[in-house]
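Asker: What follows is a single structure, and I will ask about it in a moment.
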Amino acid sequence: MSLLPAEFADLEPFAAKWCVDTEDERFAVRMASSMEEIQAFYDAFEPRAETAVAHCDRYTLDDLPEDGANLLRLLCALVQASFPVECWRQVKVPDTGAAAVDCIVQPAL
Amino acid sequence: MASSGTIQLIYLQDCQSRQSSRKEVMARLPKPAEGSWTEHYGLGTAPVSYEGTTSPEYYEVEREAVFRRSWLHVGRVEQVDRTGAYFTKEIAVLGTSIVVVRDADGKVRAFHNICRHRGNKLVWTDFPSEETAGVCRQFTCKYHAWRYNLDGSLNFVQQEGEFFDLDKGAFGLVPVHCDVWQGFIFVNFADEPEQPLHEYLGPMLGALDGYPFERMTERRVYRTEIKANWKLFVDAAQEFYHAPVLHLKQNPPALALPMQDNGFEAPYYQIDGPHRVVSTNGIRAWDLPEDKRKRMDTITRSGLFGAWDAPDLGIEKMPAGINPGGCEPWGMDSFQVYPNFLLGIWSQNWVMSYTYWPTGFNSHVFEGTLHFIPAKTPGEYLAHEMAGVAFKEYLLQDANTLEATQMMLESGVVNRFPIGDQEVLCRALIEETDRWIADYKEKKGIS
């Protein structure tokens, strides 16, 4: 069963992994991924990200259909992937050792 | 934290005077007539001691001298938005837990979270040491079912006839002084607070009245335990001198390189009683050339400084206390409410608040909340996600650095540290806390 709108069908393999509900879960997926996996996701989605935002923005948050909500979750996951790719050249924030920050409240998606 | 001012200054500098040597770019912004912010506010200029972050004895006095005598921010009114809505808050620094609740008359009250019968923690779920929240008609102790009204009065004792001369009116919950400013709930653990809340906050913070905090009901809350004294984290958020160093790589190389050369200057500092503010210059990220922006910032139209498309605040005029230095372009104000509350107000029309709750002389719990006017569109949601994730990346960098600082301060190898003018608020915090302790000792007759 497909998660994403039809025009983003090529991203389905990434959606199966990255479409999770919360910021902490997206961070966990990032931490459990290799740099190669993160780079592959970023390279596949980044060129189409603006089109994806425009697709989601045809709706309000309240009437966003489930496949649109998944596309938004995938965009939020791209935010997670962007820091390793654009800033750190590694999965974790450098020099952060065992430091952990929990996002304990966030608006539902 | 990085500041928008950092980038704006660097960008302007980079564009306007590429030939400048490193020496020539110092002090680009005006200073007060005294020559420095530090001297302007009558602070010392000598190297300082950080004993206040490494001494268990200092911490023991600080608990009573500072935390039992000041107004402490514990939550927002939106967390108790109806009759019977409550949350608990662990106050390790004073060895207690409180429950904050909205009573039947709409008043927000706070009580020590202890049953008057035999001392059980009154409100908790699953784990006694964890915070909880909910809605109830009355509080019922899990142990022997003594019940308390939302105003704290004891209304039911199981098998009351078994007790001896029990006056229920004398066994209500133990109240904690509680008041609200602009929707921020504060408590005070003194027997009698030395000042009411509004007087304590003073004119600088009072001038924020009217800012629409109550509209910013979309909250993202981040929590972490940090192995460093609470004041070290206050310091990390009241100076931006570290921003172009510790956080440099969060910027594209085209922006990072001039940042590294130029450092940081804030255009405005103010100290008002125990409270402080630093303001930064603003940035119009969307006006920067592509190579000076992160690609994901462009995609989300957002970043650490918030959504590029600022929401309408719905007020006719900004309160006078916002951007008190009249900085133009203005980035944000970082208000430090003594002792452990930061209120950051951004020109992109959102707010961040931090609290630092000590759990020992070298540890504390940090909670950072991002407050947004609720997103209505997926694009707005994504912009808030970007701001939140960027915030967390910075926070992770700060958290570990604080631990590294604490470790070596505790070595005691060095005990005099030079503090620059861009760290004026760090120096003010040390002097202020020393004053509270001296004042407390004098009142208590302790030498």
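Just so you know, all these numbers are worked out from the coordinates, no wet-lab data involved. Fair warning: this is a prediction, and the values are worked out from it, not measured in the lab. Cβ: placed from backbone, ideal geometry, glycine included. Neighbour counts: every protein chain shown.
Asker: Helix B:378-411 against the longest principal axis of chain B: what's the angle in degrees, Cα atoms only, rounded to the nearest 10?
Answerer: Helix B:378-411 and the main axis of chain B meet at about 90 degrees.
Asker: Here's another thing I want to ask about it. In whole Å, largest first, what are the principal axis extents of the Cα atoms in the stretch B:73-192?
Answerer: Taking max minus min along each principal axis of the Cα atoms, the stretch B:73-192 gives 46, 31, 29 Å.
Asker: From largest to smallest, what semi-axes in whole angstrom does the stretch B:166-237 give when each is the square root of 5 times an eigenvalue of its alpha carbon gyration tensor?
Answerer: Working: eigenvalues 162, 85, 54 Å².
Semi-axis lengths for the stretch B:166-237 are 28, 21, 16 Å.
Asker: Still on this structure: Taking the Cα atoms only, what angle lies between the long axis of helix B:4-16 and the longest principal axis of chain B, rounded to 10 degrees?
Answerer: 0 degrees
Asker: Another question, if that's okay. Loop only by DSSP, 10 or fewer other Cβ within 10 Å of the Cβ. Give me the trypsin sites (Lys or Arg not before Pro) in the stretch B:387-447 that pass, ordered by residue number.
Answerer: B:Arg416
Asker: Nothing charged except the Cβ atoms of Lys and Arg (+1) and of Asp and Glu (-1): what's the magnitude of the dipole of the protein assembly as shown about its Cα centre? Round to the nearest 20 debye.
Answerer: 440 debye
Asker: What is the stretch B:73-192's relative contact order, in percent, from Cα pairs under 8 angstrom and six or more apart in sequence?
Answerer: Worked out over the stretch B:73-192, it gives 26 percent.
Asker: Within the stretch B:184-240, list the GluC sites (Glu not before Pro) lying in a DSSP loop whose Cβ has at most 16 other Cβ atoms in a 10 Å radius.
Answerer: In loop regions of the stretch B:184-240 (DSSP not H, G, I, E or B), the sparsely surrounded GluC sites (Glu not before Pro) are B:Glu194.
Asker: Would you please give the FRET efficiency between B:Asn415 and B:Glu442, computed as 1/(1 + (r/R0)^6) with r the Cβ-Cβ distance and R0 = 22 Å, to the nearest 0.05? Kindly include the intermediate steps, with their values, before the conclusion.
Answerer: On the way: r = 25 Å, r/R0 = 1.13.
Rounded to the nearest 0.05, the efficiency is 0.35.
Asker: So what is the relative contact order of chain B, in percent, for Cα pairs below 8 Å that sit 6 or more residues apart?
Answerer: 22 percent
Asker: Using the scaling law 2.2 N^0.38 Å as the reference, what is the normalised Cα Rg of the stretch B:30-136?
Answerer: 1.57
Asker: Take the alpha-carbon positions of the stretch B:59-103, form their convex hull, and give its projected area averaged over all directions (one quarter of the hull surface) in nm². Present the calculation step by step, with values, prior to reporting the outcome.
Answerer: Working: hull surface 13.3 nm².
With the hull built on Cα positions only, its mean projection is 3.3 nm².
Asker: Continuing with the same structure: Note down the nm distance, to one decimal, between modelled labels 7 Å out along Cα→Cβ at B:Arg63 and at B:Asp81.
Answerer: Output for this residue pair reads 3.7 nm.
Asker: For B:Arg284 and A:Met1, what is the calculated FRET efficiency with R₀ set at 51 Å and r taken between the beta-carbons, to the nearest 0.05?
Answerer: The value I calculate is 0.70.
Asker: If I model a spin label at A:Asp102 and A:Ala28 as a point 7 Å from the Cα along the Cα→Cβ vector, what separation in nanometres do I get?
Answerer: With each label point 7 Å from Cα toward Cβ, the separation is 1.2 nm.
Asker: Could you give the size of the charge dipole of chain A about its Cα centre, using +1 on the Cβ of each K and R and -1 on the Cβ of each D and E, expressed in debye and rounded to the nearest 20?
Answerer: 280 debye
Asker: Fewest Cβ neighbours within 10 Å first, please rank A:Val20, B:Val99 accordingly.
Answerer: Ascending number of Cβ neighbours within 10 Å: A:Val20, B:Val99.
Asker: Give the angle, between 0 and 90 degrees and rounded to the nearest 10, that separates the Cα long axis of helix B:197-206 from the longest principal axis of the Cα atoms of chain B.
Answerer: For helix B:197-206, the angle is close to 20 degrees.
Asker: With charges set only on the Cβ (+1 for Lys and Arg, -1 for Asp and Glu), what does the dipole of chain B come to about its Cα centre, in debye to the nearest 20?
Answerer: 720 debye
Asker: Could you tell me the extents of chain B's C-alpha atoms along the three principal axes, largest first, rounded to whole Å?
Answerer: Principal extents (largest minus smallest coordinate, Cα): 89, 58, 37 Å.
Asker: Pulled fully out, how much extra length does the chain show between B:Glu192 and B:Phe163, if you take 0.36 nm times their separation in residues and subtract their Cα-Cα distance?
Answerer: 7.2 nm
Asker: Right, next: Given all pairs of different Cα atoms, what value in angstroms does the Kirkwood hydrodynamic radius of the stretch A:6-88 take?
Answerer: Details: mean 1/r = 0.0776 Å⁻¹.
Taking every pair of different Cα atoms in the stretch A:6-88, averaging 1/r and inverting gives 12.9 Å.
Asker: To the nearest 0.05, how large is the calculated FRET efficiency for A:Thr51 and A:Lys92 if R₀ is 45 Å and r is the Cβ-Cβ distance?
Answerer: For R0 = 45 Å, the calculated efficiency reads 0.90.
Asker: Under the Kirkwood approximation applied to all pairs of distinct alpha-carbon atoms, what is the hydrodynamic radius of the stretch B:207-348 in Å?
Answerer: Here the Kirkwood hydrodynamic radius works out to 16.9 Å.
Asker: To the nearest whole number, what is the average tally of beta carbon atoms from other chains within 10 Å of the beta carbons of peptide A:75-81? Show your work: numbers first, answer last.
Answerer: Details: counts 9, 9, 1, 6, 12, 5, 1.
For peptide A:75-81, the averaged partner shielding equals 6.
Asker: Between B:Glu51 and B:Ala310, what is the label-to-label distance in nm when each label sits 7 Å out along the Cα-to-Cβ direction?
Answerer: Result for the modelled spin labels: 4.6 nm.
Asker: Along each of its three principal axes, how wide is the spread of alpha-carbon positions in the protein assembly as shown, in whole angstrom units, largest first?
Answerer: Cα spread of the protein assembly as shown along its principal axes, largest to smallest: 81, 67, 50 Å.
Asker: Rounded to two decimals, what ratio of Rg to Rh does the stretch B:372-447 give with C-alpha atoms and a Kirkwood Rh? Please list the in-between numbers first.
Answerer: Working: Rg = 20.4 Å, Rh = 16.8 Å.
Here the Rg-to-Rh quotient is 1.21.
Asker: In the stretch B:88-134, which trypsin sites (Lys or Arg not before Pro) are in a loop and have at most 13 other Cβ atoms within 10 Å, using DSSP for the loop call? Write out the running numbers ahead of the final one.
Answerer: Numbers: sites: B:Lys89, B:Arg102, B:Lys107, B:Arg109, B:Arg116, B:Arg118, B:Lys121; in loops: B:Lys107, B:Arg116, B:Arg118.
For trypsin sites (Lys or Arg not before Pro) across the stretch B:88-134 that sit outside H, G, I, E and B with at most 13 neighbouring Cβ atoms in 10 Å, the list reads B:Lys107, B:Arg118.
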